[in-house]
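Engineer: Dumping the structure here so I can ask a few things about it.
The values are calculated or read from the model by the stated rules, or taken from the named source; none is laboratory data. Here the structure is a predicted model, which means the values were calculated and not measured. Surface accessibility is based on the protein's heavy atoms, side chains included, excluding ligands, DNA and RNA. Shrake-Rupley method; radii C 1.70, N 1.55, O 1.52, S 1.80 Å.
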Amino acid sequence: MNLFDVLMHGGPLMGPLVALSVLGLVFFLERAFYLHKGQIRTAEFVEGIKNLVRKRRVLEALTVCEETPGPVAAVIKAALLHHQEDEARLRGAIQAMALVEIPALERRLGTIAMIAKVAPMLGLLGTSVGLWQAFRTMEQQGAYANASSFSGEMTSALITTVAGLAVAVVAYLAYHFLHGRVRALVHDMEWVGNDILVFLLTELPNSTAPAADKDAEAPLA
């Protein structure tokens with residue numbers, strides 16, 4: 001019995017289960033590709049941005065952030081756009097961008113989790129329908145009923161159970177994998193937001209102070 005025969009013998013609930021599995025696969029591939037694009041070498045990227053800002057090449061740093069995909073670059077860009085403002089506004093800009101990026105990272109994860117929960121229920125419903133059909137066959141045939149008379153209904157009941165559990169297990173593993181990737185990106189965002197905030201408020205003024213003092217003393221010479 002090949003896969004097509006299994007699907008054909010699965011009963012009326014195999015259609016929704018196949019649809020859920022295809023939907024889950026599409027969402028998983030889309031999310032995996034999206035999250036993969038957002039992962040960068042965070043420490044190296046932040047250090048490169050800092051070097052550009054130290055050299056007063058803020059516009060170039062903004063261009064690099066604009067061309068780099070992912071939430072980390074978006075958070076740094078928001079900070080650079082408000083780098084001349086006070087701490088409260090700078091922190092608010094970083095937090096606002098994080099609030100925009102986190103829902104984008106978590107998009108469709110809820111749907112995949114829903115598939116993992118609904119698939120076993122559909123499998124159980126298919127099992128119940130198959131058993132009900134088997135008992136109806138036994139009732140109609142009465143004393144002349146034998147195992148071969150309702151084996152098809154029993155097979156249908158078992159197939160839907162296995163299919164529902166299989167879809168649920170795969171969907172749960174996919175959700176767990178994607179959720180781990182999202183948590184890693186959120187952690188990077190939190191670290192980058194704090195790091196760039198400290199840099200713009202403390203390290204950057206200190207690193208440019210000697211140059212400013214030298215420019216101020218130049219006319220006296």
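Engineer: With all protein chains present, calculate the accessible area of Val22 using a 1.4 Å probe and round the result to the nearest 10 Å².
Structural biologist: Here the accessible area works out near 80 Å².
Engineer: Using a 1.4 angstrom probe on the protein heavy atoms only, could you order Arg181, Arg108 from most to least accessible area? Walk me through the intermediate numbers first.
Structural biologist: Values: Arg181 50, Arg108 85 Å².
Greatest to least solvent exposure: Arg108, Arg181.
Engineer: Once ligands and nucleic acids are excluded and a 1.4 Å probe is used, how much of Arg56 is accessible, expressed in Å² to the nearest 10?
Structural biologist: So the heavy atoms of Arg56 present about 140 Å² to solvent.
Engineer: For Leu17, Leu62, Leu158, give the ranking by accessible area with the largest first, probe 1.4 Å. Write down the numbers at each step before the final one.
Structural biologist: Details: Leu17 5, Leu62 35, Leu158 115 Å².
My answer, sorted largest first, is Leu158, Leu62, Leu17.
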